[in-house]
Each structure stands twice: as C-alpha cells, then as structure tokens.
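Input: a single structure, listed below in structure tokens.
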Amino acid sequence: MHRAAAALIAASVLAAGCSGGSRPTPIGQSNRPEPSGPSASPTASPTASAVAQWPTYHGSNSRAGVASGPVLSKLRVAASVRLDAAAYAQPIVAVGLVIVATENDTVYGIRPASHTIAWRTHLATATRRSDLPCGNIDPSGITGTPAYDGSTGSVFVVTESGDAHHTLVAVDARSGAVRWRRDLDILGNRDRHAEQQRGALLVQNGRVYVPFGGRFGDCGNYVGYLASVPVTGNGVVSTYAVPTAREAGMWAAPGPVVGPGGDIYVASGNGAELGGNYDGSDSVIRLTSSLHKVALFAPSSWAQDNADDLDLGSMSPAVVGDKLVIAGKRGTVYLLSSSLGGVGGQLATLSGCAAYGGAAVTANVVVLPCNDGLRAVAVSGNQMHWLWRASGTMGSPIVCRDVLYAFDGSSLVELSLSGRVLHRVHVGDVTRFTTPVPVGNSVVVATTSHVVFVAAT
C-alpha cells in the first residue's frame, strides 16, 4: 500500500535462508489471556462433499480464480450472515463450509445450504489503529486470506492482536477448535508495529507460507518477507527477506503463487534504494520450497519505480502455462519466462494497466484487475495483445465457466468473457481487494459487515 496506492484507495472508498526457532503454543500455555473458543457444536457441520472446495485464494495455488460454476444470469441476494467486523480476506470453502475471517480476529464456519453459522471462534483481541504508527484498517485483525490443508484438516489464519503481535493459528476446519499457534514476528531487526500481514496464505509441500509487507502510509522500519511453518506447527520458522534497507513489502492480496517448476513466486514493492546498486525490491522473486532464491525479475525502471512508488508489489504474478504476467502500479504489463530474466529481462511489455489485486486466468487469457476497470490480455508465445476493457468494474475477478464475476462499487457484476456486463446486484460496501467465491449454486461475497450469498432469480 504505498504512496500511490494510498491516493488511489482514498479516491475509491538478508538474503535467503534466515530462520527463527519459535515453537507452537498449545492452548492453555500462552502467556496472553485466552480468547473464547468455538461457540457451536462441530456435529452440525455438513459433509465435505456438500460443495466443491475453494481452499485458498482464487481456489488454487496458482491463483487462477477459475471454477466450473455457477452461471447465475439474473442475480439476487439470497441470504446474508452478519459478521462482527469487516472481512478483507476472501472466504474459502473447505469440509462443506464457507470459512470467513474478520478484522476482529474471528473466524466463522458457515453452512452454505442453510446460511447458518456452524461455528464461530474468536481468536484474539485485534490491534487498534490508535496503537499503530500508520495504517487504514481499524481494528486490525485477520487481513490475509486463510488457507486450508487437507492433510491435517486445519485452516490457517494470521491474527494481529494486542501490541501488534502477528500469530499463525491452526484451526480445525470442522469444529473451529484451535490446534496450535506460532509467533511470526521473528525478524529481530524490524519493528512489528510497522509490519502488516495482508497477502493470502499458501499451503504447499507440507508448509504454510505467510507474506508480510507494510501498512498504508509506508511508515516505520519494516521489510517484505515470506515466512514458512510446517503444517504440523513443529519445527523452525524459515524466512526469506528482501535484501533492502527498508520497505519492499510483499502485500499483494493473492500472496505467493506456485508457478512453473513448482516453485514459489512472489512480488515485492518499492524499496529504499533510489539509484546505485539494485537492492532486490520492485521485483518478482522465484523461491524454492525452502525459501532459497533461484531467480528474479525487476524492471529496468526499478530506481524510478522506487522513487515514485510505481512498483510491482500491488499484484501477484499470474501463471499462464510456463510463463507469468504481472502489472504493477506504473501501468506496464510484463510477460516473463519462468527463469524471470533478471533486471530488464522481460519477454514483452504492454502499456495500459495499473493493477491492484489478483488476476483470473483461463487458457491463455489473463483478466487483470486494472485500476480503471478489468482488462483482458491474451498471451501467444512470447507476445501479448489486449482483448477488451470493462470500464467501471473493480477488484479481483473470478471465472465461472463462460462468465466473470467482479465488482462495480457496492454491486456484484456478472460479465461475459468478452467483457460485456450481463447483470449486477447490490451487495453492500466491500473493500478494495474484495474478490468473490463460487459456492455450489451461489456466489459468495464478504463485505464490511456481512457474508452475502448471491443466487439466480
């Protein structure tokens, strides 16, 4: 969220291999007061086969945002479930439940058929804006999209609580019971009050990956880093931190992406260096599962991007076969090989999209969350070309068979794959990076106050 992003939001509503050694905290053994636990019996949960799973941001570790349905045509709000605070994270779907996290550090398991709460677990006391050096979320609780791990049955979330403590929490997806906690404030030379966990979590290779960036306003001594914890909660916390003096946040809403070769790709924002030696910021970074850097891309304009807050950190890379597409704040779209190519190593560029959030990818077409409306780009070999623009639409889209779902202010919009608006329905206030979720015969939206189920008329 840096200076350019701050203006846009206001207008619209060291080296690899660092590690820490914190251990999981069993319930009842924390030195902080225990929050309340689940408020409903787990026996009320539906079977896992009730609806298709959507276990992570945009449904898969590639963040493609593609589902087999539904196609709703005319839209109506079928039901809504009130939340205790705003939801910035995308809901996920696991074990037949819609799982939603809020800025009050509360996680809900909601039955999609009856639109009722199966369980509700309040994890901690969220951090107040008045206790932070900058930011635009109040309270600041769970911001990054959770991820579900089928091997353990756990949903992973990161709470911000008390005096800006960031804690990875494993929650039983069926009951809402807390299984373990791990401290993620493990960079001793940084100020946790300036760090924010906004990007989506990723489960891959038996580990949970958690990205960190800074707050709205870019204050304080923070640096972008990716932390990794085993899904069991045991073992060391591994990290990769951008080797810059300051900033370079990993804050894009989709978080880290699994791309070509099965490695992890993550975007970093503007860093401290404004000339001289390149500092690893304003980049797409390719990391192994053990968080060793194997490749990097940065625009040749990185120094000016850093100076003007026009970096790549506002979007996560989109995976298109063996290539990647990314468009940051400058408005330039880059096509990259899996080897990334280093500084200035792109395969091709296009102008015309300052992107914020996550793309949807179907076949060779990438639908980008551009600041002035969705825009589709086709990838052909080592080239790209524009297809269409849907002005006025916003947010990070998803694809359901032959339609798209995105937002237009406070309305959910259904569009054709050619960008034509088909239908819309008012759902209420949503945050800038809101993205919908397909759930059975509904599309689900998390707003600043409710979970809204949209169905066909």
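The values are calculated or read from the model by the stated rules, or taken from the named source; none is laboratory data. All figures in this text were calculated on a predicted structure; none of them were measured in a lab. No Cβ is skipped: glycine too gets one built from the backbone with ideal geometry, and neighbour counts run over all protein chains shown. Each accessible area value is taken on the protein alone, full model and side chains, heavy atoms only, with ligands, DNA and RNA left out. Shrake-Rupley method; radii C 1.70, N 1.55, O 1.52, S 1.80 Å.
Run down VAL343, VAL325, VAL333 and say which single residue is more than 24 Å from GLY59 (Cβ to Cβ) and either modelled with pLDDT of 95 or more or touching a Leu at 6+ places or on another chain (Cβ under 6 Å) (or both).
Going through VAL343, VAL325, VAL333 in turn, the sole match is VAL343.
Just checking, how many residues over segment 196-223 are of a type in the set (A, V, I, L, M, F, W, C), under 20 Å from ARG181 (Cα atoms) and part of a strand (DSSP E or B)?
Residues meeting the conditions: 5.
Kindly establish whether GLY235 is farther than 22 Å from HIS122 by Cα, assigned to a loop (DSSP other than H, G, I, E, B) and in contact with a Cys (Cβ under 8 Å, 6 or more places away or on another chain).
no
Which of the residues belonging to segment 41-66 are surrounded by fewer than 22 Cβ atoms within 10 Å (Cβ to Cβ) and either under 25 Å from THR448 (Cβ atoms) or modelled with pLDDT under 95 (or both)?
SER41, PRO42, THR43, ALA44, SER45, PRO46, THR47, ALA48, SER49, ALA50, ALA52, PRO55
Does segment 337-354 contain at least one residue that is within 30 Å of VAL208 (Cβ to Cβ), open to solvent by less than 10 Å² (accessible area, probe 1.4 Å) and part of a strand (DSSP E or B)? Write out each step before concluding.
Restricting attention to segment 337-354, the residues satisfying the condition of being within 30 Å of VAL208 (Cβ to Cβ) are 337-342.
Retained after the next criterion (residues that are open to solvent by less than 10 Å² (accessible area, probe 1.4 Å)): 340.
Okay, now just the ones that are also part of a strand (DSSP E or B), so none.
Taking every residue of segment 337-354 in turn, none turns out to be within 30 Å of VAL208 (Cβ to Cβ), open to solvent by less than 10 Å² (accessible area, probe 1.4 Å) and part of a strand (DSSP E or B).
For the list (1) surrounded by 21 or more Cβ atoms within 10 Å (Cβ to Cβ); (2) closer than 25 Å to THR56 by Cβ; (3) in contact with a Phe, Trp or Tyr (Cβ under 9 Å, 6 or more places away or on another chain), I need the number of the one condition that ALA177 fails.
For ALA177, the exception is condition (1).
Of these, GLU273, GLU247, which one is open to solvent by 10 Å² or more (accessible area, probe 1.4 Å), under 21 Å from the mean Cα position of the chain (by Cα) and acidic (Asp, Glu)?
Going through GLU273, GLU247 in turn, just one is open to solvent by 10 Å² or more (accessible area, probe 1.4 Å), under 21 Å from the mean Cα position of the chain (by Cα) and acidic (Asp, Glu): GLU247.
Among the numbered criteria (1) over 23 Å from LEU336 (Cβ atoms); (2) out of contact with any helix residue (DSSP H, G or I) (no Cβ under 6 Å at 6 or more places or on another chain), which one does ALA295 miss?
All conditions pass for ALA295, except number (1).
Can you say whether TYR88 is hydroxyl-bearing (Ser, Thr, Tyr), buried (at least 24 other Cβ atoms within 10 Å of the Cβ) and assigned to a strand (DSSP E or B), as far as the supplied structure shows?
So TYR88 fails the test.
Test of understanding: among VAL325, VAL333, VAL284, which residue is open to solvent by less than 10 Å² (accessible area, probe 1.4 Å), in contact with a Cys (Cβ under 6 Å, 6 or more places away or on another chain) and of a type in the set (Val, Ile, Thr)?
The match here is VAL333.
Only residues in segment 404-432 that are assigned to a strand (DSSP E or B) count as the first member; pair them with residues that are open to solvent by less than 50 Å² (accessible area, probe 1.4 Å) and among the aromatic types (Phe, Trp, Tyr), Cβ under 8 angstrom, at least 6 apart or cross-chain, and list the lot.
Every condition considered, the pairs that remain are LEU412/TYR405; VAL413/TYR405; VAL413/PHE407; GLU414/TYR405; LEU415/TYR405.
Being assigned to a strand (DSSP E or B) and touching a Pro at 6+ places or on another chain (Cβ under 9 Å) is the filter; apply it to segment 391-402 and report the residue that is surrounded by the fewest Cβ atoms within 10 Å (Cβ to Cβ). Don't jump to the end; show me each part of the working.
Restricting attention to segment 391-402, the residues satisfying the condition of being assigned to a strand (DSSP E or B) are 391, 394-400.
Those left that are additionally touching a Pro at 6+ places or on another chain (Cβ under 9 Å): 394-398, 400.
On the way: MET394: 25, GLY395: 25, SER396: 31, PRO397: 26, ILE398: 25, CYS400: 20.
In this case the residue turns out to be CYS400.
Examine segment 75-85 for a residue that is over 18 Å from TRP251 (Cβ atoms), at pLDDT 95 or above, open to solvent by 30 Å² or more (accessible area, probe 1.4 Å) and not in a strand (DSSP E or B), and state whether such a residue exists.
Yes, segment 75-85 contains at least one residue that is over 18 Å from TRP251 (Cβ atoms), at pLDDT 95 or above, open to solvent by 30 Å² or more (accessible area, probe 1.4 Å) and not in a strand (DSSP E or B).
Tell me the strands (runs of 3 or more DSSP E) entirely within segment 92-159 that contain at least 1 residues that are touching a Ser or Thr at 6+ places or on another chain (Cβ under 8 Å) and more than 19 Å from PRO254 (Cβ to Cβ).
97-101, 106-111, 116-122
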